[in-house]
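These notes concern the structure reproduced below.
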Amino acid sequence: MKGLRTVEIQWRKSSRSSDDADSHCLELAQRGGEVLLRESDNPDVVIRTSRAKLRAFLDGAKAGEFDHLA
């Protein structure tokens, strides 16, 4: 992605994600005040968000608000 060189960013994925080569997972990173999100099988597409927005989403996920999507 233009402006985001992956060598500068340390991506992290859940410990519940598989290490298999065929495994696809979501990865997160922090860059400055932003939180970055991408899919491991499409790393060139990066979504930028704030810590506050990510926190609101995670709180909703923990509360089961998105269970119907999984």
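Data table
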quantity: Which numbered condition Gly64 fails, given (1) on the phi > 0 side of the Ramachandran plot; (2) at pLDDT below 95; calculated: (2)
quantity: Subset of region 26-60 (residues that are in a helix (DSSP H, G or I) and either closer than 17 Å to Trp11 by Cβ or hydrophobic (A, V, I, L, M, F, W, C) (or both)); calculated: Arg51, Ala52, Leu54, Ala56, Phe57, Leu58
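The values are calculated or read from the model by the stated rules, or taken from the named source; none is laboratory data. Everything numeric in this text was worked out from a predicted model, so none of it was measured. Ideal geometry is used to build each Cβ from the backbone, glycine not excepted, and the neighbour counts take in all protein chains shown.
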